[in-house]
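What follows is a single structure, written as structure tokens, with notes after it.
The values are calculated or read from the model by the stated rules, or taken from the named source; none is laboratory data. Since this is a predicted model, take the numbers as computed values, not measurements. Cβ: placed from backbone, ideal geometry, glycine included. Neighbour counts: every protein chain shown. Keep in mind that these areas ignore ligands, DNA and RNA; they rest on the heavy atoms of the full protein, side chains included. Shrake-Rupley method; radii C 1.70, N 1.55, O 1.52, S 1.80 Å.
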Amino acid sequence: MYRNFRMVSYVVFGRGCFNQTKDIMGQQRDKEKSDMVYLVDDVFKGAEFGGSIPLQGDDMLIWVNVDDEPKTKLVDALVEQIKGAMDKNPAGIVGVGGGSAMDLSKAVSVMMTNEGSSAEYQGYDLPKNPSLYHAAIPTLSGTGAEVSRTCVLTGPEKKLGINSDYSVFDQIILDPELIRGAPDEQRFYTGMDCYIHCIESLEGTFLNEFSKSYGQKSLELCREVFLNKRTEESEDKLMMASYCGGMSIAYSQVGVCHALSYGLAYVLGTHHGIGNAIVFDYLDEFYPEGVKEFRIMLDKAGVELPRGLCANLTEEQFEKMINVSLAMELLWENALGKDWKKIMTREKAREMFERM
């Protein structure tokens, strides 16, 4: 069976297109459901951009802190907050920020219409009811969260996304001007998430021409952005690299790096982009050419990776890290084939983490 996956329904792209947000959201308002909820990264609180969110009527603006990656308990708290403030569901949820803010908005939109805790929906195709209308306005590019069906969450037992067609955004507003002010190091790490997506997708066993076409274009754009001098078009290219990279893994998967970084993040709280970069630097065995090029990008960006993260881990922490990573079976199968368990044993995974 071929996958019949859902894609984002509407996309607007271009410098300054954020100014169309009011009109776009207005199309979703009616007499019964007229309010929108904006979940906005609190880095913009008090900033000029934060004050430009086009609130109307009784719209809610909730500042979300993403210093730590999204947790199921935060999703549950946000749902409770919204339901407590409104006597009926809003017209939609709008996520404004990087991958974490977008993932939060996906998860909240799903949980507004499904009972229980978001931890119960960590997995594939578990929500029973369609989500609320939800839109994304990225202020960072690289994760592909704007087009993927996954909202990655850390729960009490695991780090795993709500992976559902109901998670996919109904609308994305891609304004390259919004990512221009991102700190250089954060821009690099988020961009490397995109680059690594492409390497893992293009070298995976699940690859087909659909994934290959998007992946190759995304990789080309990543190289233009991170191997060359920054230009006026760099943000446009990075934003489209993220979009294409996300589309590439929609019909494929990521691989070794993402699987190991999930374990790293669960135990140490390492953010997704920097976690992927840390792990990828040790994967010459699996992606030799990609790692070589990554190190050139690292040098050009003047970024130094954290070292020694796993130096003082307890036995219990190592075991949890390995458990979380090896649970990502689709990623391992894409990377190493159906017999992946013979290659990536617990001992091998332990040795990989010990090097970090």
I want to confirm something. Restricting to the range 52-68 and keeping residues that are open to solvent by less than 30 Å² (accessible area, probe 1.4 Å) and in a loop (DSSP other than H, G, I, E, B), which single residue is nearest to A107 (Cα to Cα)?
V66
Restricting attention to the range 41-93, report how many residues are among the aliphatic types (A, V, I, L, M) and in contact with a Phe, Trp or Tyr (Cβ under 6 Å, 6 or more places away or on another chain).
2
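If I ask for residues that are of a type in the set (A, V, I, L, M), closer than 17 Å to G290 by Cα and surrounded by fewer than 22 Cβ atoms within 10 Å (Cβ to Cβ), which ones from the range 220-242 would you list?
Across the range 220-242, the qualifying residue is only L227.
Conditions (1) over 25 Å from the mean Cα position of the chain (by Cα); (2) of a type outside the set (G, A, S); (3) at positive phi, marked per residue:
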site: L309; (1), (2), (3): no, yes, no
site: K320; (1), (2), (3): no, yes, no
site: V324; (1), (2), (3): no, yes, no
site: A327; (1), (2), (3): no, no, no
site: E333; (1), (2), (3): no, yes, no
site: L336; (1), (2), (3): no, yes, no
site: K342; (1), (2), (3): yes, yes, no
Within the range 310-356, how many residues are surrounded by 14 or more Cβ atoms within 10 Å (Cβ to Cβ) and small (G, A, S)?
4
Matching residues in the range 282-314 - criterion: being small (G, A, S) and either in contact with an Asp or Glu (Cβ under 6 Å, 6 or more places away or on another chain) or assigned to a helix (DSSP H, G or I) (or both)
G290, A301
If I ask for residues that are more than 18 Å from P138 (Cβ to Cβ), among the small types (G, A, S) and in a loop (DSSP other than H, G, I, E, B), which ones from the range 23-51 would you list?
S34, G46
For residues in the range 2-57 being under 23 Å from the mean Cα position of the chain (by Cα) and among the small types (G, A, S), which is nearest to E146 (Cα to Cα)?
S9
Go through the range 182-203 and report how many residues are surrounded by 24 or more Cβ atoms within 10 Å (Cβ to Cβ) and closer than 14 Å to Y287 by Cα.
7
Pairs, please: C-beta under 8 Å, at least 6 apart or cross-chain, first residue over 22 Å from P130 (Cβ atoms) and in the range 166-177, second part of a loop (DSSP other than H, G, I, E, B) and charged (D, E, K, R)?
L174/E146; D175/R15; P176/R15; E177/R15
Need a quick list: strands (runs of 3 or more DSSP E) entirely within the range 87-180 having at least 2 residues that are among the acidic types (D, E), modelled with pLDDT under 95 and more than 19 Å from M60 (Cα to Cα).
none
Quick one: count up the residues across the range 166-189 that are out of contact with any strand residue (DSSP E or B) (no Cβ under 9 Å at 6 or more places or on another chain) and farther than 29 Å from L264 by Cβ.
2
Criterion (in contact with a Leu (Cβ under 7 Å, 6 or more places away or on another chain) and among the polar types (S, T, N, Q)) met by exactly one of S261, S325
S325
Quickly run through the range 93-121 and pick out the residues that are crowded, with 19+ Cβ neighbours inside 10 Å, at positive phi and more than 18 Å from the chain's Cα centre (by Cα).
none
